[in-house]
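The structure appears right after this line, and notes come after that.
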Amino acid sequence: MTTKQKKSPGRPKAQKPAVEQAAVLEQPQKATPKKQKPIRKKQSLNVATEYEIKKGGGIVFMLPQKGVTIYDEEKDTVREIRYCPNEPSIFVDEQSENAVRKSVSFTEGRLFVPREKPNLKKFLDLHPANKANGGTVFSVVDKTRDAAKELEKEFAVSDAVSIVRDRDINDLLAIALYYGININSNTSEIRYNLLRIAKSKPIEFMQSLDSPEVTCRSSIKQAAEYQIISLRPSGVYWFDANSLIVSVPAGMDPIDVMVRFCLTEKGASTLSVIEERLNKLA
């Protein structure tokens, strides 16, 4: 008969000191952050449409109303329009005998038309003097479009300035040559001149960064400077062999002609030779 051996109770578990246990119990729990309520924009429906005089106008400008006609595409006919506050239509042939015409005045070049005057808005929108209809007197002010346009320009300026500031100067030399900047001047002068262009023509500057024409034009200018090619009024020649690369029509710039030629399939090999020789000089 076998007897079961009792397992040894083993080493008793270590008890945490009373002070440590109390500290654990007293440790404050982290508060759950409250979810912030989303902020919503309040859209105003009662927004007036703004019109402005393009040039001049003085303190008060009266928009001509007598004999104003437009072409009605739906009815395929020419119709006369006028603004009468007591009439729902701006077309004379749809107005009543009691129609009373009212003058339309711009004050200091501005006219605000509230939402409650749809007939006045339609009259201005269809008026032949409106820029949207080919006129030259006034136009509607599109603040959303204007703001977006200005925002795009400001962002382009910021991006262009960052490029001039952060890029290696060697990566900017092609653009500098393209804009006629002396690349033999010191680095600060090159960056300063590029900065002026970046601020005045930010969108054009950003587009020129990856433009094949910019790189090609820069290579051709350098090739002429290092006597790899010769730019003459009659054509562009290899300097050493005096052989013609491309003819230049009378009155045209040799560099412009050479750039267009090198960007064609036929001239691609010529550009490769030029770039290869320039790399050997570097």
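The values are calculated or read from the model by the stated rules, or taken from the named source; none is laboratory data. Everything numeric in this text was worked out from a predicted model, so none of it was measured. Methodologically, a virtual Cβ is constructed for each residue, glycine included, from the backbone with ideal geometry; neighbour enumeration extends over all protein chains shown.
Just to be sure I understand, how many residues within segment 118-163 are farther than 30 Å from residue 79 by Cα and aliphatic (A, V, I, L, M)? Residues that pass the stated criteria total 8. Can you tell me which residue in segment 177-202 is nearest to the chain's Cα centre (by Cα), limited to those that are surrounded by 15 or more Cβ atoms within 10 Å (Cβ to Cβ), within 22 Å of residue 282 (Cα to Cα) and without any contact (Cβ under 8 Å) to a residue 40 or more places away in the chain? Checked segment 177-202; the qualifying residue nearest to the chain's Cα centre (by Cα) is 179.
If you check residue 280 against the conditions, is it basic (Lys, Arg) and farther than 25 Å from residue 179 by Cβ? Show your work before the answer.
Working: basic (Lys, Arg): yes; farther than 25 Å from residue 179 by Cβ: yes.
Considered against the rule, which asks whether it is basic (Lys, Arg) and farther than 25 Å from residue 179 by Cβ, residue 280 comes out as yes.
For segment 211-225, indicate whether the set of residues that are part of a helix (DSSP H, G or I), acidic (Asp, Glu), more than 25 Å from the chain's Cα centre (by Cα) and outside the structural domain of residue 165 (by TED's automatic domain parsing) is non-empty. Yes: one or more hits. Taking the residues in segment 264-280 that are among the basic types (Lys, Arg) and without any contact (Cβ under 8 Å) to a residue 24 or more places away in the chain as candidates, determine which candidate is nearest to residue 218 (Cα to Cα). Filtering segment 264-280 for residues that are among the basic types (Lys, Arg) and without any contact (Cβ under 8 Å) to a residue 24 or more places away in the chain, the one nearest to residue 218 (Cα to Cα) comes out as 280.
In the set 113, 104, only one residue is hydrophobic (A, V, I, L, M, F, W, C), touching a Ser or Thr at 6+ places or on another chain (Cβ under 6 Å), closer than 23 Å to residue 53 by Cβ and surrounded by 14 or more Cβ atoms within 10 Å (Cβ to Cβ); that residue is 113. In segment 50-101, the qualifying residues are those that are among the acidic types (Asp, Glu), surrounded by 15 or more Cβ atoms within 10 Å (Cβ to Cβ) and touching a residue at least 24 places away in the same chain (Cβ under 8 Å), and the one that is nearest to residue 117 (Cα to Cα) is 87.
Within segment 179-188, the residues that satisfy the criterion of being part of a loop (DSSP other than H, G, I, E, B) and not small (Gly, Ala, Ser) are 179, 181, 182, 183, 184, 186.
Would you call residue 97 over 30 Å from residue 214 (Cβ atoms) and either touching a strand residue (DSSP E or B) at 6+ places or on another chain (Cβ under 8 Å) or at pLDDT below 95 (or both)? Give the derivation first.
Numbers: over 30 Å from residue 214 (Cβ atoms): yes; either touching a strand residue (DSSP E or B) at 6+ places or on another chain (Cβ under 8 Å) or at pLDDT below 95 (or both): yes.
Answer is yes for this residue.
Here segment 249-282 is the region considered, the condition is being among the basic types (Lys, Arg) and part of a helix (DSSP H, G or I), and the residue that is farthest from residue 236 (Cα to Cα) is 280. Is there a residue being part of a helix (DSSP H, G or I), of a type in the set (Phe, Trp, Tyr) and modelled with pLDDT of 95 or more anywhere in segment 189-197? Looking for residues that are part of a helix (DSSP H, G or I), of a type in the set (Phe, Trp, Tyr) and modelled with pLDDT of 95 or more, one finds at least one in segment 189-197, hence yes.
Apart from one condition, residue 203 fits all of (1) under 30 Å from residue 154 (Cα atoms); (2) touching a Leu at 6+ places or on another chain (Cβ under 8 Å); (3) not basic (Lys, Arg); the exception is (2). Among the residues of segment 226-241, none qualifies, meaning not one is part of a helix (DSSP H, G or I), over 30 Å from residue 159 (Cα atoms) and modelled with pLDDT under 95.
Quick check, is residue 79 of a type in the set (Lys, Arg), assigned by TED's automatic domain parsing to the domain that holds residue 57, outside any loop (DSSP other than H, G, I, E, B) and over 30 Å from residue 59 (Cβ atoms)? Don't jump to the end; show me each part of the working.
Numbers: of a type in the set (Lys, Arg): yes; assigned by TED's automatic domain parsing to the domain that holds residue 57: yes; outside any loop (DSSP other than H, G, I, E, B): yes; over 30 Å from residue 59 (Cβ atoms): yes.
Criteria met by residue 79.
Could we say that residue 205 is in a helix (DSSP H, G or I) and buried (at least 19 other Cβ atoms within 10 Å of the Cβ) here? Yes.
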